[in-house]
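These notes are about the structure you will find just below.
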Amino acid sequence: MVEEALETFCRLKTSLGVVKRENLLEAGVDADKLDLLVKNKLLEESKGVLELTSKGEAVLLNHREEFLHDHLLHRGEAKRPPGAMDHWMSCHHIDRATLKEFYDRLKIMPYRIEELVPLLDLSVGRTGEVVLVVGGRGLIGRLCDLGLTPGTAVKMLRRAPAGGPIELEVRSTTIAVGRGIASKVLVRPKIN
Amino acid sequence: MSDRPPAGEEQRHPITVALAGNPNVGKSSIFNQLTGLNQTVGNWPGKTVERAEGVLVYKGRRIKIIDLPGIYSLSTFSEEEVITRDYILSGEADVVINVVDATALERNLYLTLQLLEMNAPVVIALNMMDEASRKGIEIDPKGLSERLGVPVVSVIAISGLGMTELMEQVLARSALGKGRRLLYGKEVESYIANTSGYLRSSELKPPYPIDWVAIKLLEDDPAVKEIFLKDATLLRKVDALLKSMEAMHGEPAPVIIASERYSLSNRIAGASASQRVEPIRTVEERVDNLLSHRFAGYLILVVILGILFYTIFYFGGIASFLIDEAFGQLILLLRDPLYSFNPVFGELFLNGVVFGIGAATSIALPYIATFYFLLSVLEDTGYLPRAAFLLDSLMHKIGLHGKAFIPMLLGYGCSVPACIGCRIMETKRERLILGALVVLIPCSARTVIILGVAGTYVGIWAALAIYVLDLAIVLAIGRLLFKVLPEEPVGLIMEMPRLRPFKVKTILKKTWFKTKDFVYMALPLIVAGSFVVALAGYLNVINVVVSALSPVTVGLLGLPVGTGIALIFGLLRKELALIMLATYFGTTNFALFMTPAQMLVFTIVMVLYIPCIATFAVLIREYGAKRALAITLMNITLAIAVGFVAMKVLTLAGL
Ligand SMILES: Nc1nc2c(ncn2[C@@H]2O[C@H](COP(=O)(O)OP(=O)(O)O)[C@@H](O)[C@H]2O)c(=O)[nH]1
Ligand SMILES: [Mg+2]
């Protein structure tokens with residue numbers, strides 16, 4: 001999977017600032033694949049430093065969008081349909097401008113998309129870091145006001161059965177969040 | 001706290017003080033401590049929806065205290081936020097007491113920072129110090145005060161600790177004028193400075209602190225942007241700044257600003273508070289686990305609601321009976337002397353005034369008082385939000401969310417607070433749906449009809465069946481309205497207050513005040529109503545009115561013609577219906593003029609048919625005349641339709 005390698009690149013870029021060939025090799029990307037990436041102009045190598053090309057960016061975004069759709073937000077449904085944008089807008093009640101904003105954030109999201117899970121799936125007692133919220137400004141704003149800004153650690157306290165809400169600990173307060181909302185907040189679980 | 005000043009002195013410098021803060025941090029408790037009034041206090045977010053005012057005289061100064069609804073932020077997502085924001089901006093308050101929950105400093109300071117952005121003259125009341133120390137949280141109020149640049153007073157609102165010191169600081173602060181905001185990170189500050197620069201060169205000069213306006217513009221706040229509609233250049237320049245800020249952070253502008261505030265409040269809270277000992281997993285936590293448990297939680301919910309209704313029926317029934325008997329005796333006792341004094345006066349006084357007072361107390365005291373006593377327990381312990389948590393998915397089926405349960409439960413007491421409580425919902429649409437539903441819930445007065453007619457003469461199972469039928473209708477109508485008013489329902493986002501033990505004294509006090517309110521509201525109407533019926537009976541005009549209603553009562557519903565009297569007086573108050581019926585037929589034994597089937601139909605119609613006049617008034621205030629009328633018409637149609645169907649079904653069943 002070239003996409004996986006691009007995800008790894010992205011994460012390294014965030015933590016290291018500058019990514020060199022050997023960093024990627026250390027992180028488990030094999031040399032053949034790396035060459036392939038450069039050959040296909042997804043990555044660009046100059047003086048040993050690697051950069052994402054705009055083509056690479058597009059491939060990465062496409063991968064993230066697909067992963068988001070098939071594994072995070074619409075699991076168990078059909079695979080991502082061709083006109084994904086419209087599909088997203090109608091499913092999540094957001095307009096085109098908001099969706100564009102979301103794409104922008106998705107593009108520069110500093111973790112591997114594979115690391116994220118919907119808040120709803122965080123197991124009880126686990127802590128995660130808020131990364132992305134799929135929703136309009138109203139929802140994002142309300143969550144921010146209660147302390148769920150990006151990067152905030154949230155702890156799953158309990159969940160109600162049968163489509164019920166979940167309870168979280170955020171900044172020493174307890175907050176109940178409906179299931180619909182909790183499935184649209186993507187978090188990166190902390191390694192215990 | 002009202003040491004009387006020398007005469008005349010108090011008029012000199014009146015001070016206005018507003019209480020602002022997050023929901024459920026003790027604002028109303030402090031308000032009550034300061035003013036000696038009884039603003040509703042309870043352990044769930046969203047109970048204070050109306051601004052309350054009180055006056056305190058301290059050291060010869062008249063101080064007007066204003067209790068604002070709780071908010072998390074000063075953006076404009078909710079009406080409460082708009083109200084508070086406008087109020088603070090108006091500059092009417094000489095001092096803003098920002099009540100802060102010491103156990104959740106970081107989250108609470110987020111609002112504090114926003115108050116400071118508006119240059120509000122803030123004094124911080126650091127409340128819940130008792131709970132903080134119980135949780136092993138140590139706070140350094142002096143350090144906090146230095147970091148925020150405002151006075152900080154530690155208080156415990158429930159015991160009144162720190163109130164004098166708080167007023168001292170308020171007095172001192174009131175002489176100092178506007179406050180100052182705190183600075184955020186360098187980068188955001190440079191954006192704020194740039195925007196402020198643009199603002200200074202704009203023709204438009206809104207009367208607000210310039211930095212606040214700048215921050216709001218950078219937050220993309222629609223209300224503030226509107227001020228500058230005429231200055232397109234400015235908006236364009238700000239938009240360019242905003243876009244570059246967004247590009248830099250990769251987040252929407254409002255999120256960037258919110259994060260900035262939180263990072264500052266995190267730093268200040270971190271430096272000013274420390275966790276002395278790790279909090280032990282407390283009993284409270286285990287109870288909480290049980291209450292929200294996936295099986296036990298629901299079991300407990302059912303048991304609690306069961307106990308609630310059983311106690312109301314049982315205890316209310318006994319007390320109601322005893323009071324009725326007592327008034328019956330009183331009337332017997334008074335009859336002869338009054339009639340011999342003057343027969344007309346005697347008739348009107350006894351059947352009007354004495355009977356009315358008796359009826360009001362026999363209803364208000366037993367049912368209302370019992371309901372509010374038990375409700376207060378649920379309220380003060382913090383159980384209501386737990387129930388809302390458990391019932392969230394059920395409420396989603398009718399397009400609402402868990403919080404809707406709270407006004408619904410209030411509806412079993414009285415529709416008026418239930419309608420006002422609908423403001424707990426976030427959007428207009430949700431408020432309207434919920435408002436249309438809560439008026440269908442049998443309030444205490446309708447409980448009296450259910451128990452007094454169906455329960456007494458047909459059987460307790462019939463009464464229960466009517467409750468279940470009513471609930472089914474509520475859910476069905478909710479489902480229907482959900483379909484008719486399609487829109488993405490707002491999801492639940494609700495802070496869960498800590499569980500707290502309740503104090504019997506507080507509960508009794510609350511029960512007393514709520515019951516008193518009810519009696520004050522109901523008694524005059526009931527007495528006046530009884531008087532009118534007694535008079536109309538005496539003048540023999542009642543039959544005219546009643547027969548005018550007979551196409552509905554007799555024709556459609558198959559009821560005795562006299563039940564029209566109940567429909568008419570039910571408009572005023574539901575409990576009047578029964579009393580009037582008894583007055584009209586001259587007996588409280590309804591079996592003498594109605595068959596069991598008729599009693600069931602009558603009860604169903606009375607439960608559904610129309611909100612009483614007080615509820616109607618509140619509906620108009622909350623939703624406007626048109627919607628209030630629509631809700632009322634829906635009720636009437638529903639009552640007649642369900643009553644008609646019930647009549648047909650019962651006739652077919654051979655009852
Ligand atoms: N332990 C403790 N409880 C408090 C204190 N102040 C308020 N409370 C409780 O906190 C809850 C919310 O109080 P209330 O005044 O209604 O808060 P408001 O929503 O800010 O008006 C109630 O159950 C109060 O009894 C305090 O200082 N200590
Ligand atoms: Mg309050």
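The values are calculated or read from the model by the stated rules, or taken from the named source; none is laboratory data. Values in this document were obtained by computation on a predicted structure and should not be read as measured data. A quick note on method: Cβ atoms are made from the backbone with ideal geometry, for glycine too, and the neighbour counts reach across all protein chains shown. SASA here: full protein model, heavy atoms, side chains in, ligands and nucleic acids out. Shrake-Rupley method; radii C 1.70, N 1.55, O 1.52, S 1.80 Å.
Please state the relative contact order of chain A as a whole percent: Cα pairs under 8 Å, 6+ residues apart?
Here the relative contact order equals 18 percent.
Can you give the net charge of the other residues whose Cβ lies under 12 Å from the Cβ of residue B:414, counting K and R as +1 and D and E as -1?
In short, +2.
For chain B, what does -39500 (n - 2.57) per DSSP helix run (n ≥ 4), summed and divided by total residues, give at 222 nm, in deg cm²/dmol to the nearest 500?
Result for chain B, helices only: -19500 deg cm²/dmol.
Kindly rank A:130-142, B:315-327, B:92-104 from highest to lowest mean number of other beta carbons found within 10 Å of each residue.
The peptides rank, most packed first, as B:92-104, A:130-142, B:315-327.
Report, ordered by chain and residue number, the lysines lying within cross-link reach of residue A:20, taken as a straight Cα distance under 26 Å and ignoring same-chain residues fewer than 8 apart.
List returned: A:33, A:39, A:41, A:47, A:55, A:107.
Quick check: convex hull of the Cα atoms in segment A:1-73, volume per residue, rounded to a whole Å³?
About 88 Å³ per residue, rounded to a whole number.
Using just the helices of chain A, give the 222 nm mean residue ellipticity in deg cm²/dmol: DSSP H runs with n ≥ 4 each add -39,500 (n - 2.57), and the total is spread over all residues, rounded to 500.
-12000 deg cm²/dmol
Across peptide B:397-405, what mean number of C-beta atoms from other chains lies inside 10 Å of a residue's C-beta?
The shielding value for this peptide is 1.
Hey, got the average number of other protein chain Cβ atoms within 10 angstrom for residues in B:620-630?
Counting Cβ atoms of other protein chains within 10 Å of each residue's Cβ and averaging gives 0.
Relative to the Cα centre, what is the charge dipole magnitude of the protein assembly as shown, using +1 at the beta carbon of each Lys and Arg, -1 at the beta carbon of each Asp and Glu, and rounding to the nearest 20 debye?
580 debye
How large is the charge dipole for segment B:121-187, taken about the Cα centre, if only the Cβ atoms of Lys, Arg (+1) and Asp, Glu (-1) carry charge, to the nearest 20 debye?
340 debye
In a shell of Cβ-Cβ distance under 15 Å around residue B:567, excluding residue B:567 itself, what net charge do Lys and Arg (+1) and Asp and Glu (-1) give?
+2
So, for segment B:186-275, what is the accessible surface per residue at a probe of 1.4 Å, expressed in square angstrom?
Result: 46 Å² of accessible area for each residue.
Helix B:574-585 versus the longest principal axis of chain B: what is the Cα-based angle in degrees, 0 to 90, to the nearest 10?
Between the helix axis and the principal axis of chain B, the angle is about 10 degrees.
Report, to one decimal in Å, the Kirkwood hydrodynamic radius for the protein assembly as shown based on all distinct Cα pairs.
It works out to 30.4 Å.
Where nothing but the Cβ of Lys and Arg (+1) and of Asp and Glu (-1) is charged, how large is the charge dipole of segment B:225-353 around its Cα centre, in debye to the nearest 20?
Magnitude of the dipole: close to 740 debye.
Using 0.36 nm times the number of residues separating residue B:505 and residue B:550, minus their current alpha carbon distance, what extension gain do you get?
Answer, rounded to one decimal: 11.1 nm.
Largest first and in whole Å, what are the equivalent-ellipsoid semi-axes of segment A:117-189 based on the Cα gyration tensor, each being the root of 5 times an eigenvalue?
16, 14, 11
Quick one: which of A:147-157, B:413-423, B:48-58 comes out on top by average Cβ neighbours within 10 Å, and what's the full order, highest first?
Ranking, from highest mean packing down: B:413-423, A:147-157, B:48-58.
Using the heavy atoms of the protein chains and a 1.4 angstrom probe, tell me the accessible area per residue for segment A:1-114 in square angstrom.
Counting only protein heavy atoms, the per-residue value for segment A:1-114 is 53 Å².
Using the Kirkwood radius over C-alpha pairs as Rh, can you work out the diffusion coefficient of segment B:186-275 via Stokes-Einstein at 4 °C, viscosity 1.567 mPa s, in µm² per second?
For the chosen part, D equals 93 µm²/s.
Give me the inter-chain shielding for B:99-106: mean count of other chain Cβ atoms within 10 Å, whole number please.
Across the residues of B:99-106, the mean count of other-chain Cβ atoms within 10 Å is 2.
Taking the Cβ of residue B:144 as the centre, find all other residues whose Cβ is under 14 Å away and add up their charges (Lys, Arg: +1; Asp, Glu: -1).
Around residue B:144, the charge tally is -2.
Could you work out the pair-distance distribution P(r) of chain B from its alpha-carbon pairs, with 10 angstrom bin width and percents rounded to whole numbers?
Calculated over all Cα pairs of chain B, the distribution is 3, 14, 21, 22, 18, 12, 7, 3, 0, 0 percent.
Restricting attention to segment B:225-299, which trypsin sites (Lys or Arg not before Pro) occupy a DSSP loop and are surrounded by at most 15 other Cβ atoms within 10 Å?
Those satisfying the criteria are B:230, B:276, B:281, B:294.
For segment A:103-118, state which residues have at least 50 Å² less accessible area in the presence of all protein chains than in their chain by itself, taking the probe as 1.4 Å and leaving out ligands, DNA and RNA.
By number: A:105.
Taking a quarter of the surface of the convex hull around the Cα atoms of segment B:15-174, what do you get in nm²?
For the Cα atoms of segment B:15-174, the hull's average projected area reads 8.4 nm².
Find which of A:102, A:2, A:87 sits farthest along the positive direction of the dipole of segment A:1-114, computed with +1 on the beta-carbon of Lys and Arg, -1 on that of Asp and Glu, about the Cα centre.
A:102
At the nearest 100 Å², what buried accessible area, both sides summed, do you get for A and B when the probe is 1.4 Å?
So the buried area, both faces added, is about 3200 Å².
With every protein chain present, what is the per residue accessible area of segment A:117-189 (1.4 Å probe, Å²)?
Normalised by residue count, the accessible surface of segment A:117-189 is 25 Å².
Give me the percent of accessible area attributable to carbon and sulfur for the protein assembly as shown, probe 1.4 angstrom.
Reported share for carbon and sulfur atoms: 63 percent.
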